[in-house]
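Input: a single structure, listed below in structure tokens.
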Amino acid sequence: GAGVSQTPSNKVTEKGKYVELRCDPISGHTALYWYRQSLGQGPEFLIYFQGTGAADDSGLPNDRFFAVRPEGSVSTLKIQRTERGDSAVYLCASSPGYTRDTQYFGPGTRLTVL
Amino acid sequence: DQQVKQNSPSLSVQEGRISILNCDYTNSMFDYFLWYKKYPAEGPTFLISISSIKDKNEDGRFTVFLNKSAKHLSLHIVPSQPGDSAVYFCAAINGSSNTGKLIFGQGTTLQVKP
């Protein structure tokens, strides 16, 4: 079956602009996670959805970052007033729902802020 | 502070030999550990996991060992194959959390030479 997909695969924007990154999880997966991976580092947790609600947003770095999952499937990560330090690969993962279920990752969106 | 540490940025082994990747953690509340493999331009792929109630888990060529008293785990790959060349991430889940958020190490790049 289809895996987790993320669009766009690459996004180049200018400092101060607004961006949206999209994640399509595996069908039927109720848990969805966003991570951010900077160069030379491991992925860093941003936010976790169980269904439509954000069950844990403790990893969002500041209020410029926001994520939604209105129908419990597709999720959008929104970044306002982008800064050069936001440049990273943004990874999305989904799992069936239990906290110990395997998380399946998408290929990521590479965001570059000029 | 880095709660999961992979102190070796890279490792090179000969095809057919054993690869040993190491990981240390500091948080005694971690109760579930995972290894993910990542190829360039792809998302991380789950390899193997271990619960803190076990000290070993084996799946084919991959074995994970957990030493709770030392807060150390390792991934053994035997025999190593050129296709195993990738970045390997160790990750942990906090048992006191009701989310499945993964805390990743920085990664170790494994190169298996033919």
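The values are calculated or read from the model by the stated rules, or taken from the named source; none is laboratory data. Bear in mind the structure is a predicted one, so any value in this text is a computation, not a measurement. All Cβ positions, glycine included, derive from the backbone under ideal geometry; neighbour counts span all protein chains shown. The area values use the complete protein model at the heavy-atom level, side chains included, leaving out ligands, DNA and RNA. Shrake-Rupley method; radii C 1.70, N 1.55, O 1.52, S 1.80 Å.
Numerical summary
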read-out	value
Quarter of the Cα convex hull surface for chain B, i.e. its orientation-mean projected area (nm²)	7.0
Segment A:5-95 - charge dipole about Cα centre, Lys and Arg +1 at Cβ, Asp and Glu -1, debye rounded to 20	280
Dipole magnitude of the protein assembly as shown about its Cα centre (Cβ charges: Lys, Arg +1; Asp, Glu -1), debye to nearest 20	340
GNM flexibility winner over chain A from A:Gln103, A:Gln41, A:Gln80 (Cα, springs under 10 Å)	A:Gln41
Peptide A:93-101 - average C-beta neighbours from other chains (10 Å radius)	3
Portion, in percent, of the accessible area of the protein assembly as shown that falls on carbon or sulfur, probe 1.4 Å	48
Accessible area that becomes buried as B packs against A, both chains, 1.4 Å probe, Å², nearest 100	1600
Loop chymotrypsin sites (Phe, Trp or Tyr not before Pro), segment A:5-114 (other Cβ atoms within 10 Å of the site Cβ: 14 or fewer; DSSP)	A:Tyr18, A:Tyr98
Segment A:5-95 - convex hull of alpha carbons, volume per residue in Å³	90
Most positive-pole-ward Cα, B:Ser12, B:Asn67, A:Thr30, against dipole of the protein assembly as shown from beta carbon charges	B:Ser12
Listed residues A:Thr99, A:Ala54, A:Gly85: farthest to the positive end of the dipole of chain A (Cβ charges)	A:Gly85
1.4 Å probe accessible area per residue over the protein assembly as shown, in Å²	47
Longest site-free stretch - chain A; sites: trypsin sites (Lys or Arg not before Pro), DSSP loop, at most 15 other Cβ within 10 Å	A:18-63
Reference-scaled alpha-carbon Rg (2.2 N^0.38 Å with N residues) for the protein assembly as shown	1.01
Lys, Arg +1 and Asp, Glu -1 on Cβ, resulting dipole of segment B:1-79 about Cα centre, debye, nearest 20	100
